[in-house]
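Just so you know, all these numbers are worked out from the coordinates, no wet-lab data involved. Here the structure is a predicted model, which means the values were calculated and not measured. Heads up, the Cβs are rebuilt from the backbone with ideal geometry, glycines too, and the neighbour counts pull from every protein chain shown.
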Amino acid sequence: MRLHNTLSRAVESITPGNPDGLYRVYCCGLTVYGPGHIGNFRTFVVQDVLRRALEIELGRGRVLHARNFTDVDDKTIRQSQAEGQALTEFTRQWTEKFHTDCTALNLLPPHSEPGAIAHIPEQIALIARLVEKGHAYRTPEGSVYFKVASFADYGKLSHLKLEELETQKENSAGQVNAADEYSREHVADFALWKARKPEDGANFWPSPWGEGRPGWHIECSAMIEKIFGGATIDLHGGGVDLMFPHHENEIAQSCCAHHGEADYRFVRHWFHSAHLLVDGRKMSKSLGNFYTLGDIEKMGFAPVVLRYALIAGHYRSPLNFTKHGLESAQSAVNKLDKHLQALALRAAGSPEKGADTIARLVATDPTALRWGRFHAAWQVLSDDLNVPGALGEIFKVEPKAGTVEQAAEDLEGLVKIAVHALGLKLPLPPSSIVVPEEITALAQARWDAKQARDFPRADALRAELTEKGWTVLDRKDGFSVAPLAK
């Protein structure tokens, strides 16, 4: 496999860098102060495809995946207090909601999922090392800041120079970060420990510098060191908005904590996915284009359709999310399901045996499955995680061509690439095919036109339904709607 490295700005081969052969992956997770939105899940679903591809390339058991969640910061504290809940109870409910959504979207659970509050002792210890080594300082009110000028390589990930940094109020996606309202020696310095303030309420912990709480950036460095035992991480992932300042700050504090260790390297490969737009605009509650998984389901689309829509564009390109895109994803998922069923029928001889065969292949370690004619799709996918290119190769394969033996091999290949690598929950259970309200309305309008003997309008509405990926089946007493594979 080859993957773009943000640090080198080049596509590089993926290989484990530690003697034990394990490939270590850390991904920044959700700040749990509300439900995850589709922008969050674009990043997490892309990371899930990467993990799945790595396990096919390296073998299950050779990838060690950690993803954190942030349960203490300005947002979690303020929102929990606004709702009159203790911080831990407030964040617990949103963490559980996040897990429910991850399961619905078929994300593999990480092998480790640390939280910031549970690792405050590790964060304090790491900050103390940075102070001792001269890379951090205490302010009069009891906060601790990292001294950016003490790290010569600061800016190497985002290609920023210290003299260009006036503030850390904007991230690498141009989004505003909440400013640290504490004194500091230089505007580029960032908080490692925040002194207790009245608005924090009961959310503070003791430290050598006084009562307070960790800054946001230090948690990942501390948890990475704890989980991976100080070993170099093979890959660190996140959305492009985290490149600066979060990941830049992680590099600085982790490298400086190991200052003097000549062989220390923090991360070998940096992986960032581009942001998501909705109808060409930045997603925002104020614009009315803020969507969660629950919102998408209310529109009539199953989680597998949302997953397809979120991975259908290349991860390094911004994804413009639209309802039309969801409808196209629905049609594509229906088509994949029909291809799967057709191959299973030809390979097994009956629908019942075909269903049993698919279930067995879905439960099989993908490294034991053949590729058949879908090997070309894997070759494209494994070159910089090119999902749209791989999907194009998948749809080139005609399931009705070839011998029965070829169908059996192709069936394994389709399960391997679509189910195991892309993580699409196939085959579709009948209950998962939800007809969107818009489609139902069009079908009803066509039925009404037909009953009124307005056949030109009925034909026009049928054509519109077909274009949207649906067909209407008429009965004497009414009609039913079914997905149509284009």
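Which of LYS298/LYS476; LYS285/LYS323; LYS335/LYS396; LYS97/LYS282; LYS282/LYS335 have a Cα-Cα distance over 19 Å? From LYS298/LYS476; LYS285/LYS323; LYS335/LYS396; LYS97/LYS282; LYS282/LYS335, over 19 Å: LYS298/LYS476; LYS97/LYS282; LYS282/LYS335.
Packing, as the average of other Cβ atoms within 10 Å across residues, places the peptides 4-16, 367-379 in the order 367-379, 4-16, highest first.
Of all beta bridges that DSSP places with both ends in segment 10-273, some 40 percent have antiparallel geometry. Net charge in the neighbourhood of ALA458 (other residues with Cβ under 13 Å of its Cβ; Lys, Arg +1, Asp, Glu -1) is 0. Considering only beta bridges that DSSP places wholly inside the chain, some 55 percent are antiparallel. Within segment 241-330, list the GluC sites (Glu not before Pro) lying in a DSSP loop whose Cβ has at most 11 other Cβ atoms in a 10 Å radius. Those that pass, being in a loop and sparsely packed, are GLU261. Amide H contacts of ASN5 (H built 1.01 Å from N, in plane; Pro and chain starts excluded): ALA10, VAL11, GLU12 sit under 5 Å, all sequence-distant by 5 or more or on other chains. Across segment 306-322, computed HN-Hα scalar couplings (Karplus, 6.51 cos²θ - 1.76 cosθ + 1.60, θ = phi - 60°) run 4, 4, 4, 4, 6, 9, 5, x, 5, 4, 8, 10, x, 9, 8, 8, 9 Hz from first to last residue, x flagging Gly and Pro.
Between THR367 and GLN406, the contour length at 0.36 nm per residue exceeds the Cα-Cα span by 12.2 nm. In order along segment 370-385, phi translates into HN-Hα couplings of 7, 8, x, 7, 9, 5, 4, 5, 5, 4, 6, 4, 6, 9, 6, 6 Hz, rounded to whole numbers, per the Karplus curve 6.51 cos²θ - 1.76 cosθ + 1.60 with θ = phi - 60° and x for Gly and Pro. Once backbone amide H atoms are built at 1.01 Å from N, VAL63 has TYR23 as its partners under 5 Å, excluding neighbours fewer than 5 places away on the same chain.
Short-range pairs are left out: with C-alpha atoms under 8 Å and at least six residues apart, the relative contact order of segment 435-483 is 33 percent.
In this structure, the amide hydrogen of HIS269, modeled 1.01 Å from its nitrogen in the peptide plane, lies closer than 5 angstrom to those of LEU235, HIS236, counting only residues at least 5 positions away or on a different chain. Taking all Cα pairs closer than 8 Å and separated by 6 or more residues, the relative contact order of segment 313-434 comes to 33 percent. Can you give the FRET efficiency to the nearest 0.05 for THR232 and GLU467, using r as the Cβ-Cβ distance and R₀ = 45 Å? Calculated value: 0.30. Placing R0 at 35 angstrom, the Cβ-Cβ distance between ASP383 and ASP153 gives a FRET efficiency of 0.75 after rounding to 0.05. Look at where the Cα atoms of segment 346-403 and of segment 2-71 average out, and the two centres are 24 Å apart. Between ASN320 and ARG265, the modelled label-to-label distance comes to 4.0 nm, taking each label 7 Å out from Cα in the direction of the beta carbon. The local environment of GLY230, defined by Cβ-Cβ distances under 15 Å, has a net charge of -2 under the rule Lys, Arg +1 and Asp, Glu -1. Any idea which of GLY280, HIS258, TRP209 is furthest toward the positive side of the dipole for the chain, if Lys and Arg beta-carbons carry +1 and Asp and Glu beta-carbons -1? Positive-end residue among those listed: GLY280. Relative contact order, whole percent, for the chain stands at 16, derived from Cα pairs under 8 Å and 6 or more residues apart. A crude spin-label estimate for the pair ARG281 and ALA118, with each label 7 Å from Cα along the Cβ direction, gives 4.0 nm. The packing ranking, built from the mean of other Cβ atoms within 10 Å per residue, places the peptides 70-83, 32-45 in the order 32-45, 70-83, highest first.
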